[in-house]
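Report on the following structure.
A short reminder: the numbers here are calculations on the coordinates, not readings from a lab. Please read all numbers here as calculations on a predicted model, not as lab measurements. Using ideal geometry, Cβ is built from the backbone for each residue, glycine included, and neighbour counts are taken over all protein chains shown.
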Amino acid sequence: MPLTVRHNDGKLTDVLFNGSVYKDPEGNVLGVVIVARDVTEQNRISKELTEAIVFAELATGIAEEAKAKAEAATLIAEDAVKAKQQFLSNMSHEIRTPMNAIIGFTKVVLKTELTVKQKNI
């Protein structure tokens, strides 16, 4: 685990320490080697990467939600088009049938002689 050390100028540095003890064959300590490595940049990059992953997950969630809403809107629009087509088909039939009857009766009436009473109405 890194430690944060403060320099004389106040700058903070994350440092990772590794140490080894050197012993002779009888187990007597001959020396100790401690190595300190500056991991400030590595920690900064790791933090930025974690933040980027979080933002990417949020963006993915937003995109998936937008996709679901678009798909739902598409279904609604398709249903509206079908309803419109059905309405126009029904109205066309409902208008055409009585019009055919009126046209047919008109043709019959035009072929016959009208009486005086029929002419006055």
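Go through region 68-96 residue by residue and tally those that are of a type in the set (Ser, Thr, Tyr) and loosely packed, with under 10 Cβ neighbours inside 10 Å.
Just the residues of region 68-96 that are of a type in the set (Ser, Thr, Tyr), to begin with: 74, 89, 92.
When the remaining residues are screened for being loosely packed, with under 10 Cβ neighbours inside 10 Å, the result is none.
Number of matching residues: 0.
Is at least one residue of region 106-118 free of Cβ contacts under 8 Å to residues at least 12 places away in the same chain, in a strand (DSSP E or B), surrounded by fewer than 10 Cβ atoms within 10 Å (Cβ to Cβ) and basic (Lys, Arg)?
Of all residues in region 106-118, those free of Cβ contacts under 8 Å to residues at least 12 places away in the same chain come to 106-118.
Checking which are in a strand (DSSP E or B) leaves us with none.
Scanning region 106-118 turns up no residue that is free of Cβ contacts under 8 Å to residues at least 12 places away in the same chain, in a strand (DSSP E or B), surrounded by fewer than 10 Cβ atoms within 10 Å (Cβ to Cβ) and basic (Lys, Arg).
Is it fair to say Thr4 is touching a residue at least 12 places away in the same chain (Cβ under 8 Å), among the hydroxyl-bearing types (Ser, Thr, Tyr) and assigned to a strand (DSSP E or B)?
Numbers: touching a residue at least 12 places away in the same chain (Cβ under 8 Å): no; among the hydroxyl-bearing types (Ser, Thr, Tyr): yes; assigned to a strand (DSSP E or B): yes.
Criteria not met by Thr4.
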